[in-house]
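The values are calculated or read from the model by the stated rules, or taken from the named source; none is laboratory data. The structure displayed is predicted, hence computed values, not measured ones. We place every Cβ from the backbone using ideal geometry, glycine too, and count neighbours over all the protein chains shown. These accessible areas exclude ligands, DNA and RNA; they are computed on the full protein's heavy atoms, side chains included. Shrake-Rupley method; radii C 1.70, N 1.55, O 1.52, S 1.80 Å.
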Amino acid sequence: MNVSTTSRQYQTGSYLLEALIGILIFALGILGIVGLQAASLRTTTDNSLRAEAVFAANQVLGQMWTDDPNALAGNYGSIFNGQPYKDFAGQLKAAQGGAWVQDPTILFDNLGPAPSKTSTMVTIQIFWQSETGEFSAACANNTVKCHSYTTSGVVAWN
């Protein structure tokens with residue numbers, strides 16, 4: 001007795017295989033969307049921290065323009081840790097939250113001579129922790145990945 005198989009018996013399970021391949025393609029698409037969402041969230045967080053750093057640096061530079069010109073380095077310099085510098089660093093730490101790495105650096109006349117005898121060059125550098133950042137000796141002694149924002153300005157008086 002010979003059992004003959006028809007073409008229908010050869011195709012059993014093909015619908016199941018097509019459904020499994022469809023589910024696989026759909027799952028890969030969902031994983032891709034989740035990856036894009038995670039990258040977008042990282043970029044948004046980094047951009048908000050950069051905007052916070054820009055705002056803080058401009059704010060402290062504006063305070064320097066209104067302060068006593070003879071006491072700038074003592075009040076705002078990161079080397080001397082005056083009270084205005086401590087206030088600025090504390091506000092920045094609170095604004096950065098968990099991304100805070102170290103106090104900002106404020107240096108005077110380190111980029112060369114000031115434009116005039118009644119002016120001072122100021123350099124402000126702010127750091128924050130970031131997954132997409134780089135290790136740097138200037139940032140927490142190469143212990144974490146971080147980004148930084150650096151700005152320079154001239155504080156001058158007539």
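Please work out the average accessible area per residue across region 1-155, using the 1.4 Å probe convention, and give it in Å².
For region 1-155, the solvent-accessible area averages 66 Å² per residue.
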Treating only Lys and Arg (+1) and Asp and Glu (-1) as charged, each at its beta carbon, one finds that the chain has a dipole about its Cα centre, in Debye to the nearest 20, of 360 debye
Just the number, please: carbon plus sulfur as a percent of the accessible area of region 19-158, 1.4 Å probe, no ligands or DNA/RNA counted.
60 percent
Extension gain (nm, one decimal) between residue 41 and residue 24, 0.36 nm per residue minus Cα-Cα
3.5 nm
With a cut-off of 8 Å between alpha carbons and a minimum separation of six or more residues, what is the relative contact order of the chain in percent?
17 percent
So how do 38-44, 114-120 stack up, highest first, on mean other-Cβ count within 10 Å?
114-120, 38-44
log10 I(q)/I(0) for region 32-158, Debye formula on C-alpha points only (no solvent), q = 0.11, 0.21 Å⁻¹, two decimals, reads -0.42, -1.19
Euclidean distance between Cα centres, region 113-158 to region 36-58, Å
17 Å
Base-10 log of normalised Debye intensity for region 41-100 (one unit scatterer per alpha-carbon) at q = 0.29 Å⁻¹:
-1.19
Karplus-derived 3J(HN,Hα), 6.51/-1.76/1.60, for each residue of region 54-62, Hz, glycine and proline x
4, 4, 5, 5, 5, 5, 5, 5, x
